[in-house]
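The values are calculated or read from the model by the stated rules, or taken from the named source; none is laboratory data. Just so you know, these numbers come straight off a predicted model, no measurement behind them. Don't worry about glycine lacking a Cβ; one is built from the backbone with ideal geometry, like all the others, and counts go over all protein chains shown. Note: accessible area is taken over every heavy atom of the protein model, side chains too, but ligands, DNA and RNA are not part of it. Shrake-Rupley method; radii C 1.70, N 1.55, O 1.52, S 1.80 Å.
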Amino acid sequence: MTFYRHSGPRSYLTSTMTDRFDCYYCRDNLHGKKYVKKDEKHVCTKCFDKLCANTCAECRRPIGADSKELTHKNRYWHEDCFRCAKCYKPLASEPFNARDDGKIMCGKCGSREDGNRCQGCYKVVLPGSKNVEYKNKMWHEECFKCFECNQPIRTQSFVTKGDDIYCPPCHEKKFAKKCFHCKQPITSGGISYQDQPWHSECFVCQTCRKPLAGTRFTSHENHAYCVDCYKSDVAKKCHGCKNPITGFGHGTNVVNYEGYAWHDYCFNCKKCSLSLANKRFVINGDHIYCPDCAKKL
């Protein structure tokens, strides 16, 4: 709400003519008579009241040369007509509130009027009518609506976002994180994997569908697997011990050669058991040998 304050009513400067001038309109000699100088024109008071005076926005009568005039945003009032539209308090020397409908109100009545005005339709909320009050603002019950679906909230719960009001389903739909798997909102809990949000119940093993939240798992080609399914269905088998190479626990390093894979601790000479990881070796059939043992074959 914006309040204004007048510097005070103004009066038109009327003087008694001492020089030889005629009224701009009626051409009467103004010598010895009262006149008004308006826009560099000398005008007798009678012509001023009839042709030049502004019309009072309240009583709709001319504001004559002998009257005090108040003006605000190209509207004019007699000093006595400039009153609060509600309590009729004179506002010539008081702060006032200019309403959108053209009414002038004192600060007290303007505040009361705004307090009883619906924030949805901006009409007055009549005493006794069904209404909603929230954060010192008021709505008609049917105007207190969800910003998204436009349905009245009435007795339901609601959620605010800035100055907007939402019913819980619309708020979840619009603002809640969406599960990377099912694309539905995550209303509570959830987990994050590869910088994406998931429902806990959606984050499951690719093979057995067992939930993985809170358990050990590994990923392969953008799919997550529990440890057991990864071992049995995905992991390569060691060419030495025939067990899966999982990367879990002992033996995280792997040796690959011509499509075969070994745990690093299984990559040993078949004859002398020397570890051949990062060393020269000879392969003979399904077995590997160090160069010295290979010569003795």
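Points worth noting:
- Search result, residues across region 142-163 that are outside any strand (DSSP E or B) and aliphatic (A, V, I, L, M): I153
- The set of residues from region 66-115 being among the small types (G, A, S), at pLDDT 85 or above and within 39 Å of the chain's Cα centre (by Cα) comprises just one member, A85.
- Among the conditions (1) modelled with pLDDT of 80 or more; (2) under 22 Å from the mean Cα position of the chain (by Cα); (3) hydrophobic (A, V, I, L, M, F, W, C), the only one that V132 does not satisfy is (2).
- Residue count for region 78-103, restricted to those that are closer than 21 Å to A53 by Cβ, aliphatic (A, V, I, L, M) and buried (at least 20 other Cβ atoms within 10 Å of the Cβ): 0.
- Complete set of residues in region 197-216 that are open to solvent by 70 Å² or more (accessible area, probe 1.4 Å) and without any contact (Cβ under 8 Å) to a residue 24 or more places away in the chain: E201, Q206, R209, K210, P211, G214
- Filtering A235, A224 for residues that are open to solvent by less than 40 Å² (accessible area, probe 1.4 Å), among the small types (G, A, S) and closer than 30 Å to Y289 by Cβ leaves a single hit, A235.
Residue-by-condition table, conditions (1) assigned by the TED database to the domain that holds D286; (2) outside any loop (DSSP other than H, G, I, E, B); (3) under 29 Å from F180 (Cα atoms):
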residue: S200; (1), (2), (3): no, no, yes
residue: C208; (1), (2), (3): no, no, yes
residue: T215; (1), (2), (3): no, no, yes
residue: Y225; (1), (2), (3): no, yes, yes
residue: G240; (1), (2), (3): yes, no, no
residue: V255; (1), (2), (3): yes, yes, no
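- Selected residue [open to solvent by 40 Å² or more (accessible area, probe 1.4 Å), of a type in the set (A, V, I, L, M, F, W, C) and in the same structural domain as P152 (by the TED database)] from C121, C26: C121
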